[in-house]
1. Would you mind stating whether Asn117 is polar (S, T, N, Q) and in contact with a strand residue (DSSP E or B) (Cβ under 8 Å, 6 or more places away or on another chain)?
2. List the residue pairs whose Cβ atoms are under 7 Å apart, where the first residue sits in the stretch 88-115 and is among the hydroxyl-bearing types (Ser, Thr, Tyr), the second is in a loop (DSSP other than H, G, I, E, B), and the two are 6 or more positions apart or on different chains.
3. Which ones in the stretch 148-167 are touching a residue at least 60 places away in the same chain (Cβ under 8 Å), crowded, with 19+ Cβ neighbours inside 10 Å and part of a loop (DSSP other than H, G, I, E, B)?
4. When the residues of the stretch 98-122 are filtered to those that are of a type outside the set (Ser, Thr, Tyr) and more than 23 Å from Met166 (Cα to Cα), which remaining residue is surrounded by the most Cβ atoms within 10 Å (Cβ to Cβ)?
5. Output the residue which, of all residues in the stretch 192-224 that are among the charged types (D, E, K, R) and part of a loop (DSSP other than H, G, I, E, B), is nearest to Ile174 (Cα to Cα).
6. For the structure I just gave you, tell me whether Ala175 is surrounded by fewer than 17 Cβ atoms within 10 Å (Cβ to Cβ), more than 23 Å from the chain's Cα centre (by Cα), more than 22 Å from Gly96 (Cα to Cα) and at pLDDT 95 or above.
7. Being over 17 Å from Glu221 (Cβ atoms) and part of a loop (DSSP other than H, G, I, E, B) is the filter here, so list the residues in the stretch 168-186 that pass it.
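The values are calculated or read from the model by the stated rules, or taken from the named source; none is laboratory data. Here the structure is a predicted model, which means the values were calculated and not measured. Here the Cβ positions follow ideal geometry from the backbone for every residue, glycine too, while neighbour counts run over all protein chains shown.
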Amino acid sequence: CSADTFVVNQTLVLRINICGENRHLRQAQTVIGYGRPTTPQYQRTHKMRMKAIIRLTIFTFIIGSGIALASCNNNNNQKQKTMKTDVPKISDFPVGEENTGFAQYFSGRSWLAPLTNNKDLNVPMFNVTFEPGCRNNWHSHSGGQILVAVGGVGYYQERGKPAVRMEVGKIIEIAPNVEHWHGAAPDNWFSHIGVTCNPQINKNTWLEPVSNDEYEQAVSEAVK
């Protein structure tokens, strides 16, 4: 972003380049003589005009620079916002919305899409999508859970056991009250369907995060 001033046909113009776009923010009409009469009255008038031009130039430059900076920041924020929601398609299931409600229990970002809504069937199913390296905390379900890998590559680990590498089609059956975590591979997005078993009695117990050392060791020692 930049700004400059110039004179065109006795008009002082402030030109601002805002993120590649030239905009004439403001024009100030001035009268600039081409001759230089030597009368004291003209010289006084000329000096007053030049001072006014200088003050106007400084003022419009400051205002223009502020607007240019704000516009650039706005554009950058919009780009960052777009990047944050740019989730690749790794399965035929919906991605849903960013999982902000459970973000405190995840290391990294995830997205959640409900797949069922018939309460008479009472079988809650969700598609969960993890960005690379994202995993949830150690936790357990009082009613158990079933995971079905539908996209990308991920891992599942029970406390005290080696992690299991999850690729499309892999099914994990988690018994009630077993402490575990699951998430994406370090360099791959991952998506699985989570089935809530025994929903009438099923409650989550969230525990501590999976540390980077635990995660790296689990990935390096994982089995299929």
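1. Numbers: polar (S, T, N, Q): yes; in contact with a strand residue (DSSP E or B) (Cβ under 8 Å, 6 or more places away or on another chain): no.
It is false that Asn117 is polar (S, T, N, Q) and in contact with a strand residue (DSSP E or B) (Cβ under 8 Å, 6 or more places away or on another chain).
2. Once the first residue is among the hydroxyl-bearing types (Ser, Thr, Tyr) and sits in the stretch 88-115, its partners that are in a loop (DSSP other than H, G, I, E, B) give Tyr105/Asn137; Ser107/Cys134; Ser107/Pro209; Ser107/Val210; Ser110/Asn99; Ser110/Cys134.
3. Ala163
4. Keep residues of the stretch 98-122 that are of a type outside the set (Ser, Thr, Tyr), which gives 98-99, 101-104, 106, 108-109, 111-115, 117-122.
Now narrow it down to the ones that are more than 23 Å from Met166 (Cα to Cα): 101, 104, 117-122.
Values: Gly101: 9, Gln104: 9, Asn117: 8, Asn118: 7, Lys119: 9, Asp120: 5, Leu121: 9, Asn122: 11.
The residue in question is Asn122.
5. Applying the first criterion (among the charged types (D, E, K, R)) to the stretch 192-224 yields 203, 208, 213-214, 216, 221, 224.
Cutting the leftovers down to part of a loop (DSSP other than H, G, I, E, B) gives us 203, 208, 221, 224.
Details: Lys203: 14, Glu208: 19, Glu221: 20, Lys224: 16 Å.
Here the residue is Lys203.
6. yes
7. Val168, Gly169, Lys170, Ala175, Pro176, Asn177, Val178, Glu179
Table: residues versus (1) in contact with a strand residue (DSSP E or B) (Cβ under 7 Å, 6 or more places away or on another chain); (2) under 22 Å from Gln104 (Cβ atoms); (3) not basic (Lys, Arg).
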position	(1), (2), (3)
Cys134	yes, yes, yes
Gly144	yes, no, yes
Val153	yes, no, yes
Arg159	yes, yes, no
Gly169	yes, no, yes
Ile172	yes, no, yes
Pro176	yes, no, yes
His180	yes, yes, yes
